[in-house]
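The values are calculated or read from the model by the stated rules, or taken from the named source; none is laboratory data. This one's a predicted model, so the numbers in the text were calculated from it and none came from an experiment. Cβ: placed from backbone, ideal geometry, glycine included. Neighbour counts: every protein chain shown. Note: accessible area is taken over every heavy atom of the protein model, side chains too, but ligands, DNA and RNA are not part of it. Shrake-Rupley method; radii C 1.70, N 1.55, O 1.52, S 1.80 Å.
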Amino acid sequence: MILTTDSTQMTTKTTNKSSAPQLSTSAVIPAALIIVAAGASTRMGGGIKKEYLPLDGGTVLSKNVQTCILSYHFTHIIIAVPAGGQQDAQKALGTISGTTAITFVDGGSTRQQSVCNALDKLQELWPQAGSDAVVLIHDGARPFVTPRIIQDVIAKTAETGAAVPALQPTDTQKETDGNGIIIRHLQRDRLAAVQTPQGFTFLPLLKAHHKAAGDGRTYTDDTEIWGAYTGPVAIVPGDSCNKKITYPEDMPAGNDTQGETMTRIGLGYDLHRLTPGRRLMLGGVHIPFDKGEDGHSDGDVLLHAITDALLGAAGMGDIGAFFPPSDPQWKDADSAVLLKTVWDRITENRWQLGNLDCVIALEQPKFLPWRDQVRESIADILGVSPEQIFVKAKTGEKLGKIGRGEAVEVWATCLLEK
């Protein structure tokens, strides 16, 4: 394997171990492939990008690329990956059988930007591309694509200008108003659930992407951009096996990641100065005292530490990233609302709370009379049982900032499972 790198790309030369079977109808069509793998995989959970998960002795990404290479002789293969993540992508790709050079480019903050970056790189690498040149745009998390789909899309694209594999939905589809009310009953035989790869003539797609980049709209896929600026898109038969991996259960049974219970531990910490004229808030409960936490929000040091512990366990950042103290909209904000907002995001990724254990360092007032109320308040915010929550308090023994009554300090640990 030959590897070259610079500040914008990484290229690997694949080994020549096998040939790529071609359909005679599309063997002379010049085609390049773009694989989009720049997302964060938050719905997959676990902290590992879904494209880098183990699959069939390799990874999702390596299986995907290998299938594509063995299905058609592409002039170029470009993979869009997270900015700065090219080394990780190269490691996940490993050694691929074939003769096509593979180039990594930095993706953008949206799929649309990632594809546009890859198209620009393709133009640089393929200046001789003519009006008949085809480019396929394929999801990095669709490793079960078949050679027939790839070859059919290329052939149909050469014939019509743009093509996409699609299936008719098996469930009856309805249009809603966004608030849970059906407003239109759709005809299932007129609907298509599209897959990838999506094929286009290269130069018109590049031109359409450049126009779309400046029109202020957000496009969910490349057929929408093509439809807005170029023309209609033809359909070829898709395949139910060509599914996109989004959640852990999308991985095949018996795979290395199937059937496991994932457990994560999180640690949160916060410290606030105690000052007159502020309310003392602990766990969403107002505790009467002559001083309270000095903070940008309501200063609930216990909920802040809990929020950071949960975010850390889920691998989703910290409280400052969600609610920057420099942002005036969070001035005097209810920390219970902030925690609930974060917890909703965490549970969307299918995490469940095992337990939460917290220690408060506070000289005065005595916390014990309020402990059960605080536990119930936290449990109510998270929608769990109070038995999963425990909070205890320690004094500073008249030592340091805690002992002098100048501050309140909290440590929180949590266990998340899925």
* Complete set of residues in region 64-116 that are out of contact with any helix residue (DSSP H, G or I) (no Cβ under 9 Å at 6 or more places or on another chain), over 26 Å from Gln151 (Cβ atoms) and assigned to a helix (DSSP H, G or I) -> Gln86, Gln87, Gln90, Gln113
* Quick one: Gln187 ticks every box in (1) surrounded by 13 or more Cβ atoms within 10 Å (Cβ to Cβ); (2) without any contact (Cβ under 8 Å) to a residue 60 or more places away in the chain except a single one, so which number is it? => (1)
* Asked: Of the conditions (1) part of a strand (DSSP E or B); (2) under 27 Å from Lys291 (Cα atoms); (3) not aliphatic (A, V, I, L, M), Cys414 fails just one. Which one is it?
  -> (2)
* **region 307-352, subset assigned to a loop (DSSP other than H, G, I, E, B) and of a type in the set (A, V, I, L, M, F, W, C), residue nearest to Val384 (Cα to Cα)** => Trp351
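Does any residue of region 345-354 turn out to be in contact with a Leu (Cβ under 8 Å, 6 or more places away or on another chain), exposed (fewer than 15 other Cβ atoms within 10 Å of the Cβ) and not basic (Lys, Arg)?
We begin by selecting, within region 345-354, every residue in contact with a Leu (Cβ under 8 Å, 6 or more places away or on another chain); these are 346, 351-354.
With exposed (fewer than 15 other Cβ atoms within 10 Å of the Cβ) added as a condition, the list becomes 352.
Filter again for not basic (Lys, Arg), leaving 352.
Yes, there is a match, as at least one residue in region 345-354 is in contact with a Leu (Cβ under 8 Å, 6 or more places away or on another chain), exposed (fewer than 15 other Cβ atoms within 10 Å of the Cβ) and not basic (Lys, Arg).
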* Whichever residue in region 53-102 is open to solvent by 10 Å² or more (accessible area, probe 1.4 Å), among the hydroxyl-bearing types (Ser, Thr, Tyr) and modelled with pLDDT of 90 or more and, among such residues, is farthest from Val28 (Cα to Cα) -> Thr59
* To do: Would you mind finding the one in Ala412, Ala379 that is modelled with pLDDT of 95 or more and either open to solvent by less than 70 Å² (accessible area, probe 1.4 Å) or over 19 Å from Leu267 (Cβ atoms) (or both)?
  => Ala412
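Residue by residue, here is whether (1) within 27 Å of the chain's Cα centre (by Cα); (2) of a type in the set (S, T, N, Q); (3) open to solvent by 10 Å² or more (accessible area, probe 1.4 Å) holds:
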residue	(1), (2), (3)
Phe104	yes, no, no
Leu119	yes, no, no
Trp126	no, no, yes
Ala133	no, no, no
Leu136	yes, no, no
Thr160	no, yes, yes
